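Nothing in this text is a laboratory measurement; each read-out follows from the coordinates by a stated rule. These figures come from a predicted structure and were not determined experimentally. Glycine also receives a Cβ, built like all others from the backbone with ideal geometry; neighbour counts cover every protein chain displayed.
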Ligand code: GUN
C-alpha cells in the first residue's frame, strides 16, 4: 500500500519558514510584506481559495489587500487597479484569482501585472524564464508545491519517467517544465491523447490535472509510482480528486490525498513567492 504524502504537514513547514522570513522583513524594512488579492465574480471555488489565501497571509505575518469585484467588472477596471498596485510600495505581490468572468481576456489582465510582483508566476516573462530554465523568483504555486511534495518523498527525479495528464497554463505546462528541468523524461497527455492508459502505466511519477473525478484508475498506474492528484472536483457527494484514491493507493508507492495533498501546498507556495519577491526588490 502506498505511503500517503501529507500535504498539510509539508505546507505547515513551508508556512513556518515563510512566517519567520516575513517577520525578518518587517524588522528590516518597518513594514509588512504585502499581497494584493483580486477576485472578480462569484465562482464558488474561487470564494474558498481567496478566503483561505487571505487567512494564510494573516497567519504568516503578511498583509493582504483584498479587492472584490462582481461579474460586471470590465477589463479596463481590472487593468487600472493592477497598474495602481504595480506602483504601490506596500504591495510586493499581486494575484488575480482565476477564472475571471466570461468576456474578460485573462491573458490581457495577467500581462498587466508587473513581472516583479507576479506572485502566481503566470506572467509570460516568468513563465518564459521557467521554460528557458532561467532563475525566476515566481514559479506558479501549484507546480512549485508539487515539486516540494515529490521531493518530500526522497524519490530522486533525475532519469525517471514522468507523465503529466492535463496541459493547462497554470498546472500542466509548468509542472511538465519543472520536471523536465529536474531531468525527468516527461510526457504530457491531454484530451486528444490516444491510448492514455498505456502511457500513464509507464510513469514513475504521475501528475493528474484533468478536472475529472476519479479519472485515473488503478489499472492506469505503475506499481510503486509517485501519484500526485491535482484534482478539486466538487459535487453533491463531496470533494474528489482526479485519482480513484481508494484503489490507486493499493498500487502506487506514494500518493497525495484530496483534500490534504496538493491544495495546502498551493497556498504555502504563494506566500513563499510573495516573501521571496519582497526581499528581492
Ligand atoms: N485558479 C485555480 N488555481 C489558481 C491559482 O493557483 N492561482 C490563481 N490566481 N487562480 C487559480
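Only helical runs count toward this figure. For the chain, summing -39,500 (n - 2.57) over DSSP H runs of n ≥ 4 and dividing by all residues gives -12500 deg cm²/dmol at 222 nm.
Taking each residue as 0.36 nm, the span from residue 87 to residue 31 lengthens on full extension beyond its C-alpha to C-alpha distance by 18.5 nm. Take 190-197, 215-222 and order them by the average number of nearby Cβ atoms within 10 Å per residue, most first; the result is 215-222, 190-197. Cα-based values for segment 27-73, radius of gyration first and Dmax second, are 12.6, 41 Å.
Computed on segment 29-149, with alpha-carbon pairs under 8 angstrom and 6+ residues apart, the relative contact order is 26 percent. Overall shape of segment 1-88 was characterised from the C-alpha gyration tensor. The equivalent ellipsoid obtained from it has semi-axes of 28, 22, 9 Å, in decreasing order. Counting every C-alpha pair in segment 198-281, the share spaced more than 15 angstrom apart comes to 59%. Highest mean packing comes first when the peptides 14-26, 132-144, 115-127 are listed by Cβ atoms within 10 Å, giving 115-127, 132-144, 14-26. Kirkwood analysis of the Cα pair distances in segment 15-149 returns a hydrodynamic radius of 15.6 Å. The Cα-based radius of gyration of the chain, divided by its Kirkwood radius, gives an Rg/Rh of 0.97.
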